[in-house]
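Comments concern the structure below.
Computed from the coordinates by the stated procedures, all read-outs in this text should not be read as laboratory data. Worth saying up front: this structure is predicted, and the values here are computed from it rather than measured. When we count neighbours, we look across all protein chains shown, and the Cβ atoms used for this are built from the backbone with ideal geometry, even at glycine.
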Amino acid sequence: MMIFGKKIGPATLITCTLALACGGALASRAHALTPGVGLASHRAVYELTLAQSAHGNNSSTVSARGRILYDFTGSACEGYKLEFRQVSELDNGEGKVSLSDLRSNTWEDADAKNFHFKSENYMNERLVDQVDGQAVRGAGDIAVALTKPKDAKLSLDRSIVFPTEHVRRIIDAARAGKSILEFPVYDGSEKGEKIYNTLSVIGRAIPPNEKVPTDAAAAQQALAGLVRWPVTVSYFDRGGASGEQTPVYAITFELYENGISRALLLDYNDFAISGELKTLEIKDTKPCP
């Protein structure tokens with residue numbers, strides 16, 4: 001996928017697998033968590049604006065604006081479906097305006113064994129990238145079958161995780177008071193061949209009565225009693241040079257116990273985009289039989 005001329009994953013707003021879980025500094029400050037909270041079906045719209053990079057780098061970017069639509073539905077018995085779209089406009093102040101439109105649809109079963117993905121990427125209203133395929137976790141590997149951009153088959157390491165499983169692992173780690181996760185993730189991006197190494201850093205739990213949101217989350221009674229955590233997920237090229245690496249990009253957000261996110265910051269190293277939660281609809285989730 002491309003956005004602002006940079007290759008990134010399509011709907012990797014939140015994704016992981018557990019290769020390492022360490023740190024217990026949060027355990028002594030843990031707050032009571034709501035029992036039985038699952039991933040909530042919801043439709044969220046985030047408004048994107050230019051923000052200062054977390055690294056403090058200067059950027060030629062003059063303005064940026066756009067929106068993210070994140071429509072998540074499903075349950076542990078039906079699997080999880082995500083419709084994602086990010087439209088972004090970047091102006092460099094020299095008469096060059098770039099319009100990026102990323103569209104992605106995925107489905108993942110609750111056991112993280114089957115993952116279907118389809119995405120399209122438009123730059124200035126021209127289709128520049130298209131991916132369609134599925135991944136199946138078997139006893140020895142993950143078998144990927146692609147139909148777009150061309151027919152191809154891949155064999156991936158079985159330890160790699162898919163997007164929804166990523167969310168659940170972060171929440172499980174946060175509930176357990178863990179602060180760091182490292183593992184590879186696959187979301188079907190970059191012609192369906194890209195795998196990222198990820199580093200997730202989970203901050204101190206924010207209880208419901210602290211830092212009360214003023215965005216669309218504030219009006220949701222379903223969120224009023226839930227704990228949330230500040231999370232930063234950094235994405236690295238897999239197989240890159242050893243030693244300290246600069247992430248390809250990083251995403252910072254506040255994650256509720258039920259998988260809803262607010263206060264986004266998408267950091268592309270030389271500039272960053274903030275995402276304010278403007279509208280939020282929490283949908284009924286069909287209970288399992």
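Can you give the FRET efficiency to the nearest 0.05 for S63 and T147, using r as the Cβ-Cβ distance and R₀ = 51 Å? Please report the intermediate quantities before stating the final value.
Values: r = 38 Å, r/R0 = 0.75.
In this case the efficiency is close to 0.85.
How far apart, in nanometres, would the label points at R238 and K81 be if each is projected 7 angstrom from Cα along the Cα-to-Cβ direction?
Between R238 and K81, the label points sit 2.8 nm apart.
Sort 213-222, 256-265 by packing, meaning the average of other beta carbons within 10 Å per residue, with the highest value first. Write down the numbers at each step before the final one.
Values: 213-222: 14.4, 256-265: 20.9.
Order by mean packing, descending: 256-265, 213-222.
Straight-line reach from K113: which lysines fall under 22 Å, measuring Cα to Cα and dropping same-chain residues less than 8 apart?
K81, K148, K153, K191, K194, K286
Sorted by average packing, counted as other Cβ atoms within 10 angstrom per residue and highest first, what order do 199-205, 145-151 take? Walk me through the numbers before you get to the answer.
Values: 199-205: 19.0, 145-151: 13.4.
In decreasing order of mean packing, 199-205, 145-151 become 199-205, 145-151.
So, by mean Cβ neighbours within 10 angstrom, what's the order for 189-196, 65-72 with the highest one leading? Could you put the intermediate results ahead of the total?
Details: 189-196: 20.1, 65-72: 18.6.
In descending order of packing, they fall as 189-196, 65-72.
For the cross-link pairs K118/K150; K178/K283; K118/K278; K118/K178; K211/K278, which exceed 22 Å when the distance is taken from alpha carbon to alpha carbon?
Numbers: K118/K150 13 Å; K178/K283 30 Å; K118/K278 26 Å; K118/K178 33 Å; K211/K278 18 Å.
Cα-Cα > 22 Å for K178/K283; K118/K278; K118/K178; rest within.
If I stretch the segment between T214 and E47 completely, what's the gain in nm (0.36 nm per residue apart, minus their alpha carbon distance), one decimal? Numbers along the way, then the final one.
Working: separation 167, 0.36 × 167 = 60.12 nm, distance 1.43 nm.
Result: 58.7 nm gained on full extension.
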